[in-house]
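Each remark here refers to the structure printed beneath this line.
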Amino acid sequence: MNRVLSLAAAFVAKTALCVALIIAVVRVGQAEETTFSKIKYSSVKHPKEADVILSITDSEILIKGKGKKRSGIDMEIPYSSIESMSYELASRHRVAEGAAVMALSLGAGAVLMATKTKSHWLGIQYHEGDAKQLTVLQLDKSEYKAVIAALEAKTGKHVAILDSKNSPLNPVVGGKDMDQMVPFGREKVAAALKSAMESEGCKVTEEKEDRIECKRARGGSERTGFGGEKVTVTLEANADQTRVRVQTGKGVVGRLGKKNWSTAIYEEMMKNLQNPAPSV
């Protein structure tokens with residue numbers, strides 16, 4: 001009888017051990033993740049904001065579009081590729097809300113546009129091969145603290161706090177029209193300029209020897225404005241130098257929600273000139 005009980009006890013112990021091992025393997029195979037659903041994504045090339053889901057796993061950040069169409073957004077950012085992360089609290093005019101109210105009441109809409117609110121931004125700088133990337137997300141006021149805490153805990157990296165008055169997360173902060181002489185010939189400047197326009201989401205619409213124009217698509221982003229701006233650049237050759245004048249036209253309709261892209265395009269052009277892409 002004792003022998004039977006001993007064998008039964010041993011069987012139960014072995015079974016329990018096997019079950020525990022199976023559970024442990026399953027847990028290891030299933031990476032824990034924290035998910036946030038009140039996130040918005042936009043970029044200079046895709047100015048229309050899209051709702052996304054942010055998942056912070058044990059090894060990477062996942063950003064996926066919400067809804068049936070999912071907006072074509074499906075990003076994976078391994079922690080090993082992240083160079084830095086930053087957070088910014090910015091003030092903005094209530095342009096979108098004011099535009100909606102304006103459809104019903106012109107006066108009330110204008111007043112609402114003139115008021116400001118706060119918005120929370122997260123920037124993730126990382127690399128894909130040799131290419132550097134920057135992804136910017138708008139966080140909800142109810143989630144931003146938890147997002148920052150989860151990122152720091154999972155990645156082991158610090159999220160830096162930025163000054164919104166001089167922020168790399170917003171390419172149009174302090175934007176103004178430019179008038180500069182650059183030490184490059186007109187042909188090189190024109191090539192670098194067109195590339196800069198495209199990288200800033202401004203599609204070239206007219207190209208002449210001494211004049212290039214581009215226009216940004218209409219969208220609806222708090223960070224980069226609501227689009228529709230026209231940027232005009234005139235090029236004046238002077239020996240081996242070129243005078244570059246960049247002007248942003250905002251028009252009349254939706255002017256308050258538009259941004260000045262002159263500085264951003266000029267600075268991107270200079271990067272292209274100083275660090276030309278390697279020839280294939």
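The values are calculated or read from the model by the stated rules, or taken from the named source; none is laboratory data. Please read these numbers as outputs of a predicted model, since none were measured by experiment. Please note: Cβ atoms are built from the backbone with ideal geometry, for glycine as well, and neighbour counts cover all protein chains shown.
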Inset, instruction - Give ARG186, ARG211, ARG216 a once-over and let me know the one that is basic (Lys, Arg) and either in the same structural domain as LEU137 (by TED's automatic domain parsing) or closer than 28 Å to ILE39 by Cα (or both). - result: ARG216
Inset, instruction - Name the one entry in ALA160, ALA191 that is at pLDDT below 95, of a type outside the set (Val, Ile, Thr) and over 17 Å from LYS259 (Cβ atoms). - result: ALA160
Inset, instruction - Identify, by number, the condition in (1) farther than 18 Å from GLY185 by Cβ; (2) without any contact (Cβ under 8 Å) to a residue 12 or more places away in the chain; (3) charged (D, E, K, R) that LYS208 doesn't meet. - result: (1)
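Each row is one residue, and each column tells you yes or no for (1) free of Cβ contacts under 8 Å to residues at least 40 places away in the same chain; (2) part of a strand (DSSP E or B); (3) surrounded by 14 or more Cβ atoms within 10 Å (Cβ to Cβ); (4) touching a helix residue (DSSP H, G or I) at 6+ places or on another chain (Cβ under 9 Å).
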{"site": "THR117", "(1), (2), (3), (4)": "yes, yes, no, yes"}
{"site": "ILE124", "(1), (2), (3), (4)": "no, yes, yes, yes"}
{"site": "LEU134", "(1), (2), (3), (4)": "yes, yes, yes, no"}
{"site": "GLN138", "(1), (2), (3), (4)": "no, yes, yes, no"}
{"site": "LEU151", "(1), (2), (3), (4)": "no, no, yes, no"}
{"site": "PRO171", "(1), (2), (3), (4)": "no, no, yes, yes"}
{"site": "LYS176", "(1), (2), (3), (4)": "no, no, no, yes"}
{"site": "ASP179", "(1), (2), (3), (4)": "no, yes, no, no"}
{"site": "GLU187", "(1), (2), (3), (4)": "yes, no, no, no"}
Inset, instruction - Go through the residues of segment 52-68 one by one and say whether even a single one is of a type outside the set (Asp, Glu), surrounded by fewer than 12 Cβ atoms within 10 Å (Cβ to Cβ) and either over 28 Å from THR117 (Cα atoms) or at pLDDT 75 or above (or both). - result: yes
Legend entry - Residue list for segment 83-94, filter: surrounded by fewer than 18 Cβ atoms within 10 Å (Cβ to Cβ) and modelled with pLDDT of 80 or more: GLU83, SER84, LEU89
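Report yes if LYS271 is surrounded by fewer than 23 Cβ atoms within 10 Å (Cβ to Cβ), more than 15 Å from ALA190 (Cα to Cα) and at pLDDT 85 or above, otherwise no. Even if it seems obvious, please write down each step before you answer.
Details: surrounded by fewer than 23 Cβ atoms within 10 Å (Cβ to Cβ): yes; more than 15 Å from ALA190 (Cα to Cα): no; at pLDDT 85 or above: yes.
Against the criterion (surrounded by fewer than 23 Cβ atoms within 10 Å (Cβ to Cβ), more than 15 Å from ALA190 (Cα to Cα) and at pLDDT 85 or above), LYS271 does not qualify.
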Legend entry - Given (1) at pLDDT below 85; (2) loosely packed, with under 12 Cβ neighbours inside 10 Å; (3) not in a loop (DSSP other than H, G, I, E, B), number of the condition LEU112 does not satisfy: (2)
Inset, instruction - Looking only at segment 226-245, decide whether some residue is farther than 17 Å from MET178 by Cα, aliphatic (A, V, I, L, M), modelled with pLDDT of 95 or more and touching a strand residue (DSSP E or B) at 6+ places or on another chain (Cβ under 7 Å). - result: no
Legend entry - Selection within segment 201-227 - closer than 19 Å to VAL172 by Cβ and among the acidic types (Asp, Glu): GLU213, GLU222
